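Quick notes on the structure that follows.
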Amino acid sequence: LEEARRESLKARDSGKPQAEPVVSPAVLRDVTVTGSALTVITPVIPEREKELRELLTRLGEDIDAAQEMKFDALETVHFMRWVVLPPARGSTNPLLAFESNYDGSLDEHLGDLYRNGARLMHAVYRCCVGYPLAAGGFDATRDGEAAKTFLKQHELPYAAFYVSRRNKPVRQIRDEAQ
């Protein structure tokens, strides 16, 4: 599994197509997808699970009141969510799953998340095993790359993801909604 993950990520990063289409090119000719998906799975420090759940619950109950991230300012995000999962078989650590659908490159997406929500990203991931900045405060200029590297190290490849509005980046969808 780990080898397949590495090969999939290497293929994605190379910009080369990852697989041949399973339907004819005639069917695909009008289907262009803007965007990608990101899935990150990280083990949670058991002693910080309650803190993490309380943070995510508070955000979920009133996302507009969130002070840690300017959700309306995100320019790459179509969809994102965190879910705390029970420990995997043989482990005592709960798992944190993050999933997002986004426009642009992975680096642009992670930059957007940290530019508009470094406080939230840090508050969430400081609850996870191996987060390099768990002990101290977070300075986006100083610590941003280490935090992004941590997320990339826990990224899982995807085979497919849902696209609601194909060929439409976030900015266009927002403009058309006004």
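The values are calculated or read from the model by the stated rules, or taken from the named source; none is laboratory data. Just so you know, these numbers come straight off a predicted model, no measurement behind them. Side chains are part of the model used for accessible areas, which takes the heavy atoms of the whole protein and leaves out ligands, DNA and RNA. Shrake-Rupley method; radii C 1.70, N 1.55, O 1.52, S 1.80 Å.
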query = Mean separation of Cα pairs under 8 Å and 6+ residues apart, divided by the residue count of the range 58-158: what relative contact order is that in percent?
reply = 22 percent
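If you rank ILE45, ILE63 by how much accessible surface each has, with a 1.4 Å probe, what is the order from largest down? Each step should come with its number before you reach the end.
On the way: ILE45 45, ILE63 90 Å².
Solvent-accessible surface, decreasing: ILE63, ILE45.
Using Cα-Cα distances under 8 Å and only pairs 6 or more residues apart, what relative contact order does the range 40-115 have, in percent?
Details: 85 pairs, mean separation 28.1, N = 76.
RCO, the range 40-115: 37 percent.
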